[in-house]
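Please read the structure below before turning to the comments.
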Amino acid sequence: KFGVFIHWGVFSVPSFGSEWFWWYWQKEKREPYVKFMDTNYPPGFSYEDFGPLFTAEFFDPNQWADILKASGAKYVVLTSKHHEGFTLWGSKYSWNWNAVDVGPKRDLVAELATSVRNRTDLHFGLYHSLFEWFNPLFLEDATNAFKTRKFPTSKSLPELYEIVTKYQPEIIWSDGDGNAPDTYWNSTGFLAWLYNDSPVRDTVVTNDRWGAGSICAHGGFYTCSDRYNPGHLLPHKWENCMTIDRSSWGYRRDARLSDYLTIQDLVKQLAETVSCGGNLLMNIGPTHDGRIPVVFEERLRQVGAWLEVNGEAIYGTKPWRAQNDTVTPGVWYTFSPKEGKVNAIFLSWPVSGILELGEPRAKLGETQVKLSGYKELLKWVALGEKGMVIALPQLTPQQLPCQWGWTLQLTDIN
């Protein structure tokens, strides 16, 4: 239900504007990017020159793993390679443009995989970009309208087989189809191997970004678009991949506090997403020297603290017949099938201390209402056939079981 996305690469060195820095600077020649380079770097400085500056000297995979665990996430997805083509492992197919040959001189994928597996119960996943903006082989294939397949056969596919065999990730998060069809990428061939013969065939899950036209139509789980939050139930498993920094997936040195989503925003996203059958994949961007910025760490630990109290309303739940309440806004429902409980997550505490719910059908003398993190049962009154009014306990702010959203657990509901 909840995972952490990590965007880390050479783009973390300029850490300006966006992880699309190279494209915006060299291809689109956007003014802020051109100006940034002219002002701060010598003439003739190329994007490749950022490679040795991606140093990761403060990268402590154990510390990262501990932060991930504290967030309450159950999976993590690391960018093994973004559209810049730089691999965070010593890929045989990315000579001199990888983290073992250049920069950190370390296998960052292996180190994080080991720490996550040794210190947490999180599932380890890898993001991998199919295309590369400026790879000459890809550009040649594109010029030939993808009738030639030099790039996927010599670079993209061999890398995919390499990361699966070497690191055995349980999530393959594909991205960046470069407007080429799945036949160009031979996605079906790779996926057939992945699900039938690969070392992770029994555990792996994949997303839907395997070629132009496949997004939101084919795949293990749908992503549909970045920051996708439909607000209603979908018939297929889906994921809302989003960023704590509203404007970028990679770290930005010039970000302001108002650019970051608050913990209230994040709890709201989580409740909405899970109630509509989705997973939330929340992204952080580490620095070029390998730190998780403190603001990201704080947000992750806050989500973890919230899940400590309200986790039962998130983990292992299914969508209920109603996703949100018809009477009171900001109430989202989930269903715990094992316990037969309906969970009502409400995002603001009513001034009156009375919460009205329009959806549940309560049974007199049978239905019980509990506030997660609070011992005593709550009093309630049914409103005819459908709906109920619940008296919340009178608590001081210090006595509240948590902040930023609360859960009512309803048992024996019709």
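The values are calculated or read from the model by the stated rules, or taken from the named source; none is laboratory data. These numbers were taken from a predicted model, which means no experiment stands behind them. Cβ: placed from backbone, ideal geometry, glycine included. Neighbour counts: every protein chain shown. Protein only, heavy atoms only, side chains kept; ligands, DNA and RNA dropped before computing areas. Shrake-Rupley method; radii C 1.70, N 1.55, O 1.52, S 1.80 Å.
Worth a mention:
- For Asp226, the shell of other residues with beta-carbons less than 13 Å away shows a net charge of -2, using +1 for Lys and Arg and -1 for Asp and Glu.
- The local environment of Val327, defined by Cβ-Cβ distances under 15 Å, has a net charge of -2 under the rule Lys, Arg +1 and Asp, Glu -1.
- Helix content alone sets the calculated 222 nm mean residue ellipticity of the chain: runs of n ≥ 4 DSSP H residues at -39500 (n - 2.57) each, divided across all residues, give -7000 deg cm²/dmol.
- Under the Karplus curve 6.51 cos²θ - 1.76 cosθ + 1.60, θ = phi - 60°, whole-Hz ³J(HN,Hα) for segment 101-107, x wherever Gly or Pro sits: 7, 10, x, x, 6, 9, 8
- Phi-based couplings in Hz for segment 42-51 (Karplus 6.51, -1.76, 1.60; Gly and Pro marked x): x, x, x, 5, 9, 4, 4, 5, 6, x
- For the Cα trace of the chain, dividing Rg by the Kirkwood Rh returns an Rg/Rh value of 1.02.
- Met37 accessible area, 1.4 Å probe, all protein chains in place, Å² to nearest 10: 10
- Gain on full stretching of the segment that runs from Gln394 to Ser258 - 0.36 nm per residue minus C-alpha separation: 45.7 nm
- Angle of helix 31-40 to the longest C-alpha principal axis of the chain, folded into 0 to 90 degrees and rounded to 10: 60°.
- Cα gyration tensor shape for segment 114-237, rounded if a/c is under 1.5, else prolate or oblate: oblate
- Acute angle (nearest 10 degrees) that the helix 263-275 long axis makes with the longest principal axis of the chain, alpha-carbon atoms: 80
- Computed log₁₀ I(q)/I(0) - Debye formula, equal Cα scatterers, no solvent, segment 318-411, q 0.21, 0.22 Å⁻¹: -1.11, -1.23
- Among the GluC sites (Glu not before Pro) in segment 1-72, those located in a DSSP loop and surrounded by at most 13 other Cβ atoms within 10 Å of their own Cβ are Glu28, Glu57.
- Only protein atoms count toward the accessible area here, which uses a 1.4 Å probe; on the chain, the carbon and sulfur part of that area reaches 52 percent.
- Most to least packed among 353-365, 1-13 [average Cβ atoms within 10 Å]: 1-13, 353-365
- Heavy atoms of the protein chains alone define the surface here; on that basis the chain has 43 Å² accessible area per residue at 1.4 Å probe size.
- Over the C-alpha atoms of segment 49-168, the Rg to Rh ratio, Rh being the Kirkwood estimate, stands at 1.02.
- Sequence of Arg299, Arg246 from largest to smallest accessible area, 1.4 Å probe: Arg246, Arg299
- The Cys residues in the chain with no partner Cys Cβ within less than 4.7 Å of their Cβ are Cys241, Cys276, Cys402.
- The Cα trace of segment 201-300 gives Rg and Dmax of 15.0, 43 Å, the first to one decimal, the second as a whole number.
- Relative to the Cα centre, the charge distribution of the chain, modelled as +1 at Lys and Arg Cβ and -1 at Asp and Glu Cβ, gives a dipole magnitude of about 620 debye.
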